[in-house]
Structures are given as C-alpha cells and as structure tokens.
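Asker: Before anything else, here's the structure in question.
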Amino acid sequence: MLYFLLVPLKQYFFFFNVFRYITVRTALAGLTALFMSFILGPWVIKQLKKYQIGEEIREEGPTTHYSKKGTPTMGGVLIIGSTLIPTLLWGNLSNIYLWVAIFSVVTFGLIGFIDDYLKYKKKKSQGLIIRTKLIFQTVTAVFIGLFLIYLSKLKLFDLRLSFPFFKEWLPYLGWFYLPFIVFIIVGSSNAVNLTDGLDGLAIGTSLIAVSAYTALCYIAGHAIWSEYLNILKVPLAGELAVFGGALAGACLGFLWFNCHPAQIFMGDVGALAVGGALGTLAVLSKQELLLFFVGGLFIVEALSVLIQIFYFKLTGGKRIFRMAPLHHHFEMLGWPESKIVVRFWIIAIIFALFSLTTLKLR
Ligand code: 57M
C-alpha cells in the first residue's frame, strides 16, 4: 500500500524514488516484521496464557519435555500477522505472485489453526487426524498449482523445470507440473512441522532457508543478475523478495521468544504456514529442486522418520535411531537442547550456502 502512496511523491521530492527499489522495500518489510513481533509478542503470549492455550506434552517423549507442559502455543498467528502486514505495506500489490504467496501462508496457517484448535478443545496432543490434514494441504497445493498453470497460459509463469548444476536442461512439464509442485509444497509444509520439536529449531532453520530464497527470488527477478548467474529469469519473482524479507523478519522476531527456554511455541498454525510459504517461494522462483539443498536439514529430519518407520516394520520392532525425528535421537543421547539446536542451525547454514554456490556451478 505504501508503495502506491510513496512512489508517486517522487515528483515533489526525489527522495521518495527509493521506495521503487525492491531491495529497500525488502529491508523495510523485514524491519517492520521484526518490530511488530517485538511489540506484539508479549501481548500475544499474555492472551494465550489468559485463554490457557497451552501445550499438551506426549508422555512417550523425552522426559526433559515434561516441564514444557502449558507453554503457550499457536504463536504462529504472530508469525503470520508479522508477515502479512509488512507485505501489504511495502509490497507492490499489483504483483500476482505476491498474492499467491499470501494465499499460501494464510491457507496453510488456517489448516494448522484448525489442528491446534482441536488440540486445545480436546486437551490432547492430537488435533486433526493425519489423513484429513494431508487432504486439506493437498487441496490447497492443487489450487495453487492450477492457478499457476492458468498463469502459464497468460505467459506469466513457466512450466519448465530448472535443475541445479545443469543450465541448458529445462524440460517442459506441462500438466505434470501439478503433482510435482503439490509434492514440493505439501512436503515442505510437513517437513518444517516435523522439525518443530525443540526450542528455536524450526524457526531458526526456517529463517535460514527463507533468507536464501529471498535472495533467490530477487536474483530470479533481476534481468542482469539472472543472466549473469545463468538462472531461469522470472520477472515477477523479484517482488517476492519483499514477502520473503517480511517472513524472515517475522521468523527472527519469533525466535526472540521461542529460543530456549521457550516462552511460546508456534504450533501447527505456524509450522504449516512457514513450511507452505517456503515451498511456494521455491515454486514461484522456479528453483523448486534447489529446495532439497536449501532445506536440506528439513529433508534429513523427514528422512530420519521414514527410515525409522521402515526399519521398525522390516525388523518387527527394532529402531535405528533412539527416537525420530533426528533431533530427538540426540536428546536421548543426552545432548543439551541448545547444543542440538545451534548445531542444526550451523548445518542449515551450510546447506543454504552450498545451495547459493550451485548458482555459479552450472
Ligand atoms: C509435530 N510436534 C512436537 C508445538 C509445535 C510420524 C511422527 C514422526 C510424527 C511426529 C509429529 O507428530 N511431528 C509433528 C511435532 C511438539 O510441538 C508442538 O507441535 C507444534 C508443531 N506442529 O509448535 O506446538 C512438541 O515438541 C516440543 N517443542 C519444543 N519447542 C518448540 O519450540 O520443545 C516444540 C516446539 C512439544 C514440545 O515438547 O510438545 C512433537 O515432537 O510432538 N512425531 C514425533 O515427532 C514423535 N516421534 C515419534 O513418535 N517417533 C517414533 C516413530 C513414529 C518415528 C519413533 O522414533 O519410534 C515424538 N514427539 C514427541 N515426543 N513429542 C515422540 C516423542
């Protein structure tokens, strides 16, 4: 909104021209989100405590988690609010990609909200049954996919797929693009959710991955940079950096309250929304496959669950990890929570930096 108000003022005072630039608006969106989180955070925590919206802890989990019972949850509403308002303030709202990203964060947040609300009502650690949650997520992703196919007919979206390391190979997927992006968006949403099991873990690693995608969106939308780095040019993706900046600011602001010992958990409303948004950024920037590197830590966490379940079934009850997802394995080995979290952040940073280097390795 401010974009439309401030940029025309350049005819009176040239300084206002700076608001045309995506970089400036990305930084402002990030700062606005950060300050919103700092200001609203204590109030949100107070309200959640007032209505006793607290965490139910599973009995079969690590015993160190029992003391977390009652920690206010559904903090994702703070993340979503601190992402949406700065995006609406600083984004160029005539950009259709921005609305796809907004739709994704709101809808995935809503699915998570229903899940959290049911947990709150039933006073149990299980809200929506897994299958129902998956159906809702898939329907949302299919809707996004269909809309992108429609945009491709208007020449506003590209149904070719770019591969990391291969600059020339850009196969056209056509309708096959639909199941592919459903897998990316739903997978990303669930992988972030699985990772959200230690204070600061999911939000810190999401901050790292979202920051990398903010840079990728900017580069994909920039005529010179995309040409120089030889990546698929996506003119409309540049504006997504404003959304990415806001989301990164909201993640950083939330981390302030979620770091150990956490004053608030994000809940499914936060985890599904942040994961869904990350997958959507990957799709819209046409760097879908790079998500496997950028979000490498989420993949490792999800794989640890699959391997554990597969091995359990295969051997009739034996486990590879003491407990899955992987962060619980290290907890059971006696590592302090903060050590696991900081080390996982370091690994996430390595994954993100490695992904950015692949841009030139083509
Ligand atoms: C949600 N939720 C946390 C919090 C957070 C198939 C199976 C692997 C699924 C998986 C699962 O349910 N994962 C999704 C993970 C929970 O956190 C809440 O949930 C929200 C995110 N959806 O925002 O509201 C607990 O995590 C801890 N926590 C923190 N700090 C945070 O900032 O300490 C969360 C955020 C919280 C709190 O204790 O209550 C969760 O872990 O439940 N299931 C699991 O992860 C379970 N693993 C398991 O069953 N492994 C088995 C098999 C099936 C693979 C095995 O290894 O044999 C573990 N979950 C828990 N305890 N809590 C098991 C032990």
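Where a number appears in this text, it was derived from the coordinates with a stated rule and is not lab data. These numbers were taken from a predicted model, which means no experiment stands behind them. Glycine gets a Cβ as well: all are built from the backbone with ideal geometry, and neighbour counts include every protein chain shown.
Asker: Can you give me the long-range amide H partners of GLY54? Hydrogens built in the peptide plane at 1.01 Å from N, cutoff under 5 Å, separation of 5 or more residues or another chain.
Answerer: The answer is THR73.
Asker: Right, another one. Give a residue-ordered list of calculated ³J(HN,Hα) values for segment 263-270 (Karplus: 6.51 cos²θ - 1.76 cosθ + 1.60, θ = phi - 60°; whole Hz; x for Gly, Pro).
Answerer: 8, 7, 10, 7, x, 5, 4, x
Asker: Simple spin-label model, 7 Å along Cα-to-Cβ: PHE16 to ASN230 in nm?
Answerer: 4.4
Asker: Given H placed on each backbone N at 1.01 Å, which residues far from TRP335 in sequence or on other chains put an amide H within less than 5 Å of it?
Answerer: For TRP335, whose amide H was placed from the backbone, there are no distant partners under 5 Å.
Asker: If you project the alpha carbons of segment 258-362 onto the principal axes, what extent comes out on each, in Å, largest first?
Answerer: 43, 39, 26
Asker: Then there's this: Return the calculated 222 nm mean residue ellipticity for the chain, to the nearest 500 deg cm²/dmol, obtained by summing -39500 (n - 2.57) across DSSP H runs with n ≥ 4 and dividing by the residue count.
Answerer: That comes out to -22000 deg cm²/dmol.
Asker: Mind listing the phi-derived Karplus ³J(HN,Hα) values for segment 203-216, rounded to whole Hz, using 6.51, -1.76 and 1.60 with θ = phi - 60°, and x for any glycine or proline?
Answerer: Coupling constants for segment 203-216: 6, x, 6, 5, 4, 5, 5, 5, 4, 4, 5, 4, 5, 5 Hz.
Asker: Rounded if a/c is under 1.5, else prolate if a/b is larger than b/c, else oblate: which is segment 1-55, with a ≥ b ≥ c the root eigenvalues of its Cα gyration tensor?
Answerer: Cα axes put segment 1-55 in the prolate bin.
Asker: Order 66-79, 348-361 from most to least packed using the mean count of other Cβ atoms within 10 Å.
Answerer: 66-79, 348-361
Asker: Please list, or write none, the lysines whose alpha carbon is within less than 23 Å of the alpha carbon of LYS119, excluding same-chain residues fewer than 8 places away.
Answerer: LYS46, LYS49, LYS50, LYS68, LYS69, LYS133
Asker: While we're looking at this one, here's another question. Return a whole-number percent for the relative contact order of segment 251-362, with Cα pairs under 8 Å and 6 or more residues apart as the contact set.
Answerer: 24
Asker: Counting alpha carbon pairs within less than 8 Å and at least 6 residues apart, what relative contact order, in whole percent, applies to the chain?
Answerer: 25
Asker: May I ask you to order 214-227, 160-173, 272-285, 141-154 by the average number of other C-beta atoms within 10 Å around their residues, highest value first?
Answerer: Highest mean packing first, the order is 272-285, 214-227, 141-154, 160-173.
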